[in-house]
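Single-structure report; data block below.
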Amino acid sequence: MMAKKNPEPTLRPRSRAFLVGVEIYGEDSYLSIEDSLAELTLLADTAGLDVVGSATQKLDRPNPQTYIGAGKVEEIQALVEEFQADIVLFDEELSPRHLRELERIFGPKVQILDRTALILDIFAQHAHTREGALQVELAQYEYRLPRLTRAWTHLARQAGGGAGRSGSVGGVGLRGPGETQLEVDRRDIRRRIDHLKEELDKVRIHRRQYRRRRRRSRIPVVTLVGYTNAGKSTLLNRLSGAGVYVADQLFATLDPTTRRVELPGGNPALITDTVGFIQKLPTTLVASFRATLEEIADADLLVHVVDITHPNAQAQAEAVFHTLGEIDADHIPVLTVLNKVDQLADPERARTVTEYFPRSVAVSALRGDGIVTLLDKVKTLLYETYTPITIQLDYKDGGLISLFHESGQIEAIENIRGGVIITGKLPGRLLARFQTYVKTGDNEDEESGKQDSWIDFEEP
């Protein structure tokens with residue numbers, strides 16, 4: 001009988017990890033192979049690992065058996081023995097075949113891990129609410145299911161530690177009882193996955209009802225997004241006194257926190273802090289955190305927090321926008337916050353970076369520099385900036401038609417069969433709500449229609 005609690009992190013104190021980075025020619029990457037390994041080093045430290053060495057390789061395509069070349073495998077074997085490493089950590093997601101073959105080559109004394117398994121373990125450590133624990137557990141099981149082999153200890157032996165003990169960071173699997181038992185394990189995991197999905201569906205329904213009540217209040221929602229450790233939680237604390245946990249580490253905060261903030265002039269806004277993004281964010285996490293990420297897609301304005309002191313700030317920003325596209329939130333207007341200006345040796349650098357982010361404001365969330373300017377810009381974008389728009393609504397969308405009349409500036413209304421076409425202007429806080437109803441040309445192809453339906457603020 002499988003344990004039904006979230007798999008507990010089972011990191012051995014400061015296990016020794018050897019990193020492996022691979023660059024595939026022709027594949028787009030936001031970071032260079034060196035910078036990506038530097039980020040993996042931070043992830044490893046967050047997970048409680050000591051990095052003792054690293055190796056890189058450039059390939060035309062991954063080796064179908066071991067991902068890296070056979071000669072590089074031999075080189076890494078020698079280095080692992082020299083540095084007495086007990087974990088080989090790949091900066092990519094390994095397929096089940098790659099994982100099995102590498103485990104066979106390196107033997108039972110060395111554990112093979114990939115970037116996805118490491119991030120999942122970090123998320124498991126930082127999931128403090130029931131919703132977060134459910135989401136992480138689902139992602140862990142969906143990742144591990146196709147990777148079950150004889151080398152996995154039977155799940156029934158792991159009572160109290162969850163299904164991930166032998167597959168977690170720092171744990172070395174033992175030879176299992178055979179194919180028959182593996183099928184039992186797979187069936188148990190599939191049953192557990194189905195149960196977790198049912199529980200998370202209930203969470204999604206609850207969140208959807210909460211958002212509907214929030215919409216009826218007519219208070220605009222501002223969501224903080226950004227690369228992990230960019231300072232989103234610190235910024236929320238500065239704006240609202242929320243008391244959100246803050247730490248100088250990756251993925252310190254997983255669960256969304258919403259606080260009401262009074263903008264200049266008394267205009268209200270709800271500001272939500274969300275989980276940080278990262279390049280190569282595991283698809284299992286994106287899927288499992290759907291209920292949480294819907295908080296982002298439902299926002300009226302995204303405040304994109306960028307760590308201006310980071311040498312790869314621009315690449316990190318591109319990774320954030322890529323993830324926003326994955327969760328269908330790339331239509332929402334964005335205000336960029338260039339954070340941590342107090343740590344710049346040269347303050348002029350902040351002005352240089354603004355060239356990449358035309359609508360931006362430089363702040364120090366820690367000291368409070370620029371916060372008044374930030375709140376002024378949020379108020380202007382939400383309440384004072386009106387953007388031209390033409391939308392087509394069905395009569396059944398009477399609430400939206402009334403909302404346009406109440407809060408927008410109508411220039412023309414055309415009655416059509418079953419609905420209306422409205423041309424006018426909307427304040428920034430309502431743009432995202434009407435995005436899916438934007439009227440495009442009848443003769444445009446799907447791609448051009450998507451481009452024409454893009455809504456953005458006019459510069460205030």
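Taken over the stretch 220-236, the residue count meeting the criterion of being on the phi > 0 side of the Ramachandran plot and either of a type in the set (S, T, N, Q) or assigned to a helix (DSSP H, G or I) (or both) is 1. The set of residues in the stretch 48-81 being in contact with a strand residue (DSSP E or B) (Cβ under 8 Å, 6 or more places away or on another chain), within 21 Å of R14 (Cβ to Cβ) and part of a helix (DSSP H, G or I) consists of I76, L79, V80. Is it true that A133 is touching a residue at least 60 places away in the same chain (Cβ under 8 Å) and buried (at least 21 other Cβ atoms within 10 Å of the Cβ)? So A133 does not fit the description; no. Just give me the residues in the stretch 411-423 being under 14 Å from T387 (Cβ atoms) and either at pLDDT below 90 or among the acidic types (D, E) (or both), in sequence order. Answer for the stretch 411-423, where residues must be under 14 Å from T387 (Cβ atoms) and either at pLDDT below 90 or among the acidic types (D, E) (or both): just E411.
Criterion applied to E81, E92 was being on the phi < 0 side of the Ramachandran plot, surrounded by fewer than 16 Cβ atoms within 10 Å (Cβ to Cβ) and of a type in the set (D, E), and the one residue passing it is E81. Quick check on the stretch 178-196: of everything there that is at pLDDT below 90 and surrounded by fewer than 14 Cβ atoms within 10 Å (Cβ to Cβ), which residue is nearest to E131 (Cα to Cα)? Residue satisfying both the conditions and the ranking: R187. Being of a type in the set (K, R), farther than 24 Å from P62 by Cα, assigned to a loop (DSSP other than H, G, I, E, B) and at pLDDT below 90 is a description that applies to R165.
Determine which member of the set L42, L118, L99, L148 is within 18 Å of the chain's Cα centre (by Cα), buried (at least 18 other Cβ atoms within 10 Å of the Cβ) and either at pLDDT 95 or above or in the same structural domain as E27 (by TED's automatic domain parsing) (or both).
Numbers: L42 fails: buried (at least 18 other Cβ atoms within 10 Å of the Cβ); L99 fails: within 18 Å of the chain's Cα centre (by Cα); L148 fails: within 18 Å of the chain's Cα centre (by Cα).
Going through L42, L118, L99, L148 in turn, the sole match is L118.
Against the numbered list (1) at pLDDT 90 or above; (2) touching a strand residue (DSSP E or B) at 6+ places or on another chain (Cβ under 8 Å), R238 comes up short only at (2).
The values are calculated or read from the model by the stated rules, or taken from the named source; none is laboratory data. These numbers come from a predicted model, not from an experiment. Note that each Cβ is placed from the backbone with ideal geometry, even for glycine, and that neighbours are counted across all protein chains shown.
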